[in-house]
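Quick notes on the structure that follows.
The values are calculated or read from the model by the stated rules, or taken from the named source; none is laboratory data. All figures in this text were calculated on a predicted structure; none of them were measured in a lab. Using ideal geometry, Cβ is built from the backbone for each residue, glycine included, and neighbour counts are taken over all protein chains shown. Areas reflect the complete protein model, heavy atoms only, side chains present, ligands, DNA and RNA absent. Shrake-Rupley method; radii C 1.70, N 1.55, O 1.52, S 1.80 Å.
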Amino acid sequence: MAEIKLAAEARTDFGKGAARRARREGRVPGVIYGHGAEPKHVTVDSHALMMALKTSNALIRLEFDGQNELVIPKDVQREAIRRFLVHVDFLAVKKGEKVAVEVPIHVEGDLAPGQHILEHSLNALPIEAEATHIPESVTVSVEGLEAGASVLAKDIVLPKGSSLTVEDDAVVLQVVAAQAEAPAEESAEGEEGAEG
């Protein structure tokens, strides 16, 4: 995964008023923490950060005050209705260091013919990977699976250097038969309508 470079500014004003001011200026307040160091408070351009966050587990190099910090977004808070960025917690990482992340699951292939529904027990797969080699997603084939079939965490091929942080037998996807509505209910409704 390529690094995304973003300019940041050190933040010395705290509290709701300072955060609102930063957002009015098109900036998002954030905190960098990790490695036992004191948290660093920054602001980042809202639009640039929003674009960077389109990549899950984006590897970001924040540049500020003549220094730079390699981080991944750990907690992103958005406004409930308009979904604009409100605050971001960044986790400082180093090359070679392992981090726990959740990676999106990409499904490919067609289920067996028939009325089948694919249920996602997990939308993202919890893994541990090297901070500079976090996969953007993992791919799972459901080609030909029939009702009753499941894909377990251990069935998913992980990129080299990654390992599961969930039980091997955790159900990720399962195929269920579509439920047909009972015709008895429909005929009962029809009889009530005829009586009225």
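Is it the case that some residue within the stretch 136-149 is closer than 15 Å to L59 by Cβ and in contact with a strand residue (DSSP E or B) (Cβ under 9 Å, 6 or more places away or on another chain)?
yes
Can K74 be described as of a type in the set (K, R) and either modelled with pLDDT of 85 or more or buried (at least 19 other Cβ atoms within 10 Å of the Cβ) (or both)? So K74 passes the test.
Every residue in the stretch 164-178 that is assigned to a strand (DSSP E or B) and either farther than 16 Å from L122 by Cβ or open to solvent by less than 40 Å² (accessible area, probe 1.4 Å) (or both), please. Within the stretch 164-178, V172, L173, V175, A177 qualify.
To keep it simple, each residue is scored yes or no on (1) open to solvent by less than 90 Å² (accessible area, probe 1.4 Å); (2) over 30 Å from L145 (Cα atoms); (3) touching a residue at least 60 places away in the same chain (Cβ under 8 Å).
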| position | (1), (2), (3) |
| --- | --- |
| I32 | yes, yes, yes |
| G36 | yes, yes, no |
| S46 | yes, yes, no |
| R82 | no, yes, no |
| A92 | yes, yes, yes |
| V99 | yes, yes, no |
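Across the stretch 1-29, which residue is modelled with the lowest pLDDT among those that are open to solvent by less than 90 Å² (accessible area, probe 1.4 Å) and under 14 Å from R61 (Cα atoms)? Among those that are open to solvent by less than 90 Å² (accessible area, probe 1.4 Å) and under 14 Å from R61 (Cα atoms), it is M1.
Of the strands (runs of 3 or more DSSP E) lying entirely inside the stretch 1-97, those containing at least 3 residues that are under 21 Å from the mean Cα position of the chain (by Cα) and closer than 26 Å to S137 by Cα are 4-10, 27-33, 60-64, 67-78, 85-92.
All told, H116 falls short of being farther than 30 Å from G148 by Cβ and either of a type in the set (K, R) or over 18 Å from the mean Cα position of the chain (by Cα) (or both). Considering only residues in the stretch 103-135 that are touching a residue at least 40 places away in the same chain (Cβ under 8 Å), within 12 Å of S162 (Cα to Cα) and not β-branched (V, I, T), the one that is surrounded by the most Cβ atoms within 10 Å (Cβ to Cβ) turns out to be L125.
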